[in-house]
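Notes follow the structure.
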Amino acid sequence: MVQIKSLDLSLLSYIKDSSRIFGFKQPSAPVCQTEEGGEFRYSDNNTYNISEEFAELDLFIPEPCGQLLSSNFNKVFLPTVYGIIFILGIVGNGLVIAVMGYQKKVKTMTDKYRVHLSVADLLFVLTLPFWAVDAAKTWYFGGFLCVSVHVIYTLNLYSSVLILAFISLDRYLAIVHATNSQAKRKLLANKVIYVAVWLPAAILTVPDLVFARSADSRTICQRIYPGASSLIWTVVFRFQHILVGFVLPGLVILVCYCIIISKLSQGAKGQVLKKKALKTTVILIICFFGCWLPYCTGIFLDTLIMLDVVRSSCQLQQAVETWISITEALAYFHCCLNPILYAFLGVKFNKTARSTLTNSSKSSQKVTLMAKKRGQISSVSTESESSSVLSS
């Protein structure tokens, strides 16, 4: 209990707003009950009937269950993990995009999916510094960036997992229907991906455009739903996230890769290559479900608690909140794994990457030699300037 000697009536309004923003449950008892000794005890935020003449009386307000511990944990854990994911995601996905950009040959369907996936993951990790600052301190970036970061986050969160489903479908067609699937694969990679991945992901950002805003003097950036239907909106969007962001792509990935495993297990030709392909396929399945299943399980359980389907307790609520924070970071780490799983494990991509780096090194050497030749012909002052630029 938090004991307050001087009651600021705006505090109750803030508590009410906070419950609307964060989805605190609404108890049914009156907000303040008079007890023996003239003290007031806070129960919920439905009724406000306090006059300023009682401002000096003691007010006991219960702290939200586990909120303080969870908040302190998130202030340290989330910024640290988000920072690591941001750095690794920028390096890995940026390198994939750079290699694909330098590649002069006609890109295969796999290469096109790699570009889509790396762009989605790169844009996603670019939002993490904002969330890291928000978790550590508060939201400093105003209303426009609040909406923008929410939209970019949602767009690329959904597009990334949907692209993974498309990659599994492409590999299914290439391996199981190798003789007559080229036209279908081209159609999927060149046209269908925009309609089935980027368009749905863009549509799913509409709630961010409608509800995302900064509040409480712009120190909070959240989706703020209408008070009367806040619980309904929260539950709907959580189930939407579980269904579109995990269940549907997860089913496609699981079915396609299981069929691929069955196909590769047949026959005796190319056992070494088959074993490597089987191993890679199993790793892809484990990584996807290992990253996303714990997080989706956590938000599903938390949603059941919100709906009173699962009986809540202080310990359970605190455990679920901590679980969600940890597994959310694990799910986001998939953005760092994607370049490794879908690019660097490929033999052709590794050759292309080495060739790109070699050509880039040769190009830089040519530029250096040309600069030196120009420096020898020019005056002493110009030579000195060229030497300075090259050494920087």
Worksheet, complete the sentence: When (1) free of Cβ contacts under 8 Å to residues at least 60 places away in the same chain; (2) within 30 Å of PHE141 (Cα to Cα) are applied to LYS191, the one that fails is (2)
Worksheet entry | Scope the stretch 114-133; condition in contact (Cβ under 8 Å) with a residue 60 or more places away in the chain and buried (at least 22 other Cβ atoms within 10 Å of the Cβ); matching residues | ARG114, LEU117, SER118, ASP121, PHE124, VAL125, LEU128
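Does LEU390 satisfy being at pLDDT 70 or above and either surrounded by fewer than 16 Cβ atoms within 10 Å (Cβ to Cβ) or among the hydrophobic types (A, V, I, L, M, F, W, C) (or both)?
Numbers: at pLDDT 70 or above: no; either surrounded by fewer than 16 Cβ atoms within 10 Å (Cβ to Cβ) or among the hydrophobic types (A, V, I, L, M, F, W, C) (or both): yes.
Criteria not met by LEU390.
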Worksheet item: What tally of residues in the stretch 98-150 results from selecting those that are among the β-branched types (Val, Ile, Thr), modelled with pLDDT of 90 or more and either more than 21 Å from ILE220 (Cβ to Cβ) or not assigned by TED's automatic domain parsing to the domain that holds HIS334 (or both)?
Response: 3
Discussion item. Can you find, within the stretch 202-242, the residue that is surrounded by the fewest Cβ atoms within 10 Å (Cβ to Cβ) among those that are under 16 Å from the mean Cα position of the chain (by Cα) and assigned to a helix (DSSP H, G or I)?
Written reply: GLN240
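Kindly indicate whether ALA319 is aliphatic (A, V, I, L, M), within 28 Å of GLN222 (Cα to Cα) and within 15 Å of the chain's Cα centre (by Cα).
Working: aliphatic (A, V, I, L, M): yes; within 28 Å of GLN222 (Cα to Cα): yes; within 15 Å of the chain's Cα centre (by Cα): no.
No: the conditions fail for ALA319.
The values are calculated or read from the model by the stated rules, or taken from the named source; none is laboratory data. Note that the structure is predicted; figures quoted are calculated from it, not measured. Virtual Cβ from ideal backbone geometry, glycine too; neighbours counted across all protein chains shown.
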